[in-house]
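Step one of this worksheet: look at the structure below.
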Amino acid sequence: MDRNEIVKTVNSIFVERFEMDESELTPEKKIIEDLQLDSLDLVDMIVGLQQKFGIMLRDNPEIRNVRTLGDVYDLFEKLAKEHPEIADKIK
Amino acid sequence: MEKRRAVVTGIGVVSPLGNSVAELYRGLLDGRSGIRAMTEWRGEFGRSIAGAPVVPDPEQVKQISRKVRRTMGNAALFAGLAAREAVTQSGLEPEFFSSGRVACVIGSTVGSAASMTEACVADYEGRRNDLSACHFFRLMSHSSSFNVADMFGINGPQLSTNSACASGLQALGEALELIQLGKVDAVLAGGSDESTPLVAASFQLLYALAEEEVPEPEKLSRPFDAGRTGLVCGEGAGILVVEELEHAKRRGAQILFEIAGYATNCSGWHVSHSDEVQTANCMKGALADAGISAEAVDYISAHATGTKVGDAAEASAIRAVFGGDTPVSSLKGHIGHTLGASGALEMAAVAGMMRDGLVLPTRNLEEVGDCSGILLPREVQERRVRVCLKNSIAFGGVNASLVCRSFE
């Protein structure tokens with residue numbers, strides 16, 4: 001699973017759930033300050049990531065430390081290496 | 001001390017006959033029906049059931065910000081759309097809603113029947129982790145009320161009159177009392193509900209649903225008719241801007257009518273049996289609250305849903321209070337039973353009757369039978385409607401009656 005595929009999958013959550021324009025979604029964007037997600041949205045971001053990647057994240061401390069969209073891409077690049085089966089689970 | 005008076009300065013609806021007061025009223029005047037065969041429910045029932053669905057305009061929906069919309073089920077969404085129409089008509093300034101002097105009082109049977117079903121299915125299938133963080137907020141009992149409050153920045157009292165099919169009318173009564181008591185100067189008040197197969201099945205289980213498969217489903221809802229077989233489930237919202245009279249006058253608002261009196265009671269003995277004595281007492285209470293005699297009432301907008309027992313009991317209660325000379329009609333023949341929305345939604349049409357000097361008939365009423373002894377017009381009648389009484393009757397043995405008069 002390459003980074004492009006991860007970026008595309010993560011971005012689709014922001015487009016579908018948070019009605020954002022794909023062009024807004026660049027790695028340096030801060031999720032709270034720039035993309036204006038609030039506490040409920042952050043939970044829904046985790047729910048969306050769990051569904052798309054088929055992996056439980058709620059209790060993963062690393063997802064709570066992400067600040068930028070790039071951090072989310074990085075985390076999933078790492079997770080994809082640790083759990084290669086993620087590639088087969090993407091919805 | 002003289003009571004403060006409450007007037008209506010804005011009305012909005014989402015209804016099976018269209019998503020504005022003008023569309024609803026035009027449809028009723030034309031005698032059209034919002035009822036159709038719910039073929040999309042065929043899988044749930046094994047046959048076609050009639051319903052009166054709402055079709056929201058996606059462009060209007062998008063105008064509600066995502067951060068409010070995300071916690072809305074359909075009932076709250078309908079309430080939001082109706083509230084926007086009402087607020088626009090009222091001409092109230094946006095800043096006023098955050099003055100602490102505005103309340104939001106909206107009721108529904110449940111927050112969102114569809115969201116409740118979705119949550120149950122997810123739980124049953126072991127998918128709780130798939131639920132949105134917003135899901136619970138869609139099904140909470142006061143979902144319509146807090147969502148509409150958030151839409152307009154209302155920071156005064158936020159209440160929810162969840163009394164099934166009396167929810168909307170109780171909200172208008174509560175608005176009157178909040179204004180009379182001086183707690184607030186304006187209230188966004190009304191009711192909302194959404195229809196789902198589970199909602200229809202709840203009535204079906206009680207033999208209260210009109211469920212024959214007929215070639216003309218728009219003829220299934222027949223309030224007061226001898227051939228009535230039950231109700232048809234509708235959905236929608238009716239929201240009114242209820243404002244203190246002097247406040248409305250000071251800003252030069254157009255006053256649509258006055259809410260003059262209100263009463264609500266319950267049977268105190270049975271959840272679903274009709275109690276015509278208590279329904280009559282409720283109407284008498286509303287008239288006494290308004291200081292208006294039964295003889296002065298020009299029109300009665302009945303609850304009458306088309307059930308065998310309910311319509312006859314309401315007709316009997318009306319006969320006991322008013323005799324047989326005051327015109328009575330039910331709008332549920334046109335739009336089905338919009339449940340928690342019905343009281344406030346139907347008041348939107350009654351306001352048109354008061355404005356135009358017309359009484360709209362009950363659609364599909366052909367033969368009166370056991371509901372005789374009250375005056376049931378079969379056609380649109382020209383008649384000055386200066387004072388009207390609106391009833392809502394709900395599971396839980398709940399009655400609500402509102403007395404309104406034109407403002408001159």
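The values are calculated or read from the model by the stated rules, or taken from the named source; none is laboratory data. Since this is a predicted model, take the numbers as computed values, not measurements. Here the Cβ is made from the backbone with ideal geometry for all residues, glycine too, and neighbour counts use every protein chain on show. Side chains included, ligands, DNA and RNA excluded: accessible areas come from the protein's heavy atoms. Shrake-Rupley method; radii C 1.70, N 1.55, O 1.52, S 1.80 Å.
Using a 1.4 angstrom probe on heavy atoms only, work out the carbon and sulfur share of the accessible area of the stretch B:258-405 in %. Please list the in-between numbers first.
On the way: 2340 of 4820 Å².
Answer for the stretch B:258-405 is 48 percent, counting heavy atoms of protein chains only.
Hey, can you list the residues from the stretch A:15-36 whose accessible area shrinks by 50 Å² or more with all protein chains present, relative to the chain by itself (probe 1.4 Å, no ligands or nucleic acids)?
Buried by the other chains: A:Glu19.
Quantify, in whole percent, the carbon and sulfur part of the accessible surface of the stretch B:6-250 (1.4 Å probe; protein heavy atoms only). Can you show the working numbers first?
Values: 4850 of 9130 Å².
The value for the stretch B:6-250 is 53 percent carbon and sulfur by accessible area.
Check each residue of the stretch B:130-160 and keep those whose accessible area, probe 1.4 Å, is at least 40 Å² smaller with all protein chains in place than in the chain alone; give them in order of residue number.
In the stretch B:130-160, residues shielded by partner chains: B:Asp130, B:Ala133.
Expressed in whole Å with the largest first, what are the equivalent ellipsoid semi-axes of the protein assembly as shown derived from the C-alpha gyration tensor as the square root of 5 times each eigenvalue?
Largest first, the protein assembly as shown gives 46, 26, 18 Å.
Using only protein heavy atoms and a 1.4 Å probe, report how much of B:Cys233 is accessible, in Å² to the nearest 10.
Rounded to the nearest 10, that gives 0 Å².
Can you give the % of DSSP beta bridges in the stretch B:6-250 that are antiparallel, to the nearest 5?
Numbers: 20 of 31 bridges.
Around 65 percent antiparallel, to the nearest 5.
May I ask you to derive the relative contact order of chain B, considering only C-alpha pairs under 8 Å and at least 6 residues apart, and to give it as an integer percent? Numbers along the way, then the final one.
Numbers: 1130 pairs, mean separation 93.2, N = 408.
RCO, chain B: 23 percent.
To one decimal place, what Kirkwood hydrodynamic radius in Å is obtained for the stretch B:314-371 from all pairs of distinct Cα atoms? Display every interim value, and only then the final one.
Values: mean 1/r = 0.0783 Å⁻¹.
Kirkwood hydrodynamic radius for the stretch B:314-371: 12.8 Å.
If you take the beta carbon distance between A:Asn4 and A:Asn65 as r and set R0 to 22 Å, what does 1/(1 + (r/R0)^6) give as a FRET efficiency, to the nearest 0.05?
Values: r = 24 Å, r/R0 = 1.08.
E between A:Asn4 and A:Asn65, to the nearest 0.05, is 0.40.
Show that you can apply the helix-only estimate: for chain B, add -39,500 (n - 2.57) for every DSSP H stretch of four or more residues, divide by all residues, and state [θ] at 222 nm to the nearest 500. Can you show the working numbers first?
Working: 15 runs with 144 residues, N = 408.
The helix contribution divided over chain B gives -10000 deg cm²/dmol.
When you have a sec, figure out the Kirkwood radius of chain B from all distinct Cα pair distances and drop it here in Å to one decimal? Walk me through the numbers before you get to the answer.
Values: mean 1/r = 0.0483 Å⁻¹.
Computed over Cα pairs of chain B, the Kirkwood hydrodynamic radius comes out at 20.7 Å.
Suppose we compare each residue of the stretch B:42-72 in its chain alone and in the full protein complex with a 1.4 Å probe; which ones drop by at least 10 Å² of accessible area?
Relative to the lone chain, where solvent access is computed with a 1.4 Å probe, the stretch B:42-72 loses at least 10 Å² at B:Arg66, B:Lys67, B:Arg69, B:Arg70.
Ballpark to the nearest 100 Å², how much total accessible area do B and A bury together, probe 1.4 Å?
Working: alone 15740 and 5530 Å², together 20240 Å².
So the total buried area for this chain pair works out to about 1000 Å².
Over all directions, how big on average is the projection of the convex hull of the alpha-carbon atoms in the stretch B:258-405, in square nanometres? The partial results should precede the final answer.
Details: hull surface 30.0 nm².
Computed as one quarter of the Cα hull surface, the answer is 7.5 nm².
In Å², what does the accessible area per residue of chain B work out to with a 1.4 Å probe? Walk me through the intermediate numbers first.
Values: 15210 Å² over 408 residues.
So chain B comes to 37 Å² accessible per residue, rounded to a whole number.
Measuring with a 1.4 Å probe in the full set of protein chains, what accessible area per residue, in whole Å², belongs to chain A? Mind dumping the intermediate values first?
Numbers: 5030 Å² over 91 residues.
That works out to 55 Å² for each residue.
Just the ratio, please: alpha-carbon radius of gyration of the stretch B:150-270 over 2.2 N^0.38 Å, N its number of residues. Please report the intermediate quantities before stating the final value.
Working: Rg = 18.6 Å, N = 121, 2.2 N^0.38 = 13.6 Å.
In units of the globular-protein estimate, the stretch B:150-270 measures up at 1.37.
Rank B:Leu245, B:Gln170, B:Ala280 by how far each Cα sits towards the positive end of the charge dipole of the stretch B:169-285 (+1 on Lys, Arg Cβ; -1 on Asp, Glu Cβ) and give me just the farthest.
B:Leu245
Between the stretch A:72-91 and the stretch B:234-256, what's the alpha-carbon centroid distance in Å?
Cα centres, the stretch A:72-91 to the stretch B:234-256: 56 Å.
Mind listing P(r) for the stretch B:125-170? All alpha-carbon pairs, 5 Å bins, whole percents.
Using 5 Å bins, I get a P(r) of 5, 18, 21, 20, 15, 10, 9, 3, 0 for the stretch B:125-170.
How big is D, in µm² s⁻¹, for the stretch B:227-311 by Stokes-Einstein at 10 °C and 1.306 mPa s if Rh is the Kirkwood radius over C-alpha pairs?
Numbers: Rh = 16.1 Å.
It comes out at roughly 99 µm²/s.
Which net charge results for the neighbourhood of B:Ala315, defined as the other residues with beta-carbon distances under 10 angstrom from its beta-carbon, given Lys and Arg at +1 and Asp and Glu at -1? Present the calculation step by step, with values, prior to reporting the outcome.
Values: positive: B:Arg319; negative: B:Glu276, B:Asp311, B:Glu314, B:Asp370.
With Lys, Arg at +1 and Asp, Glu at -1, the neighbours total -3.
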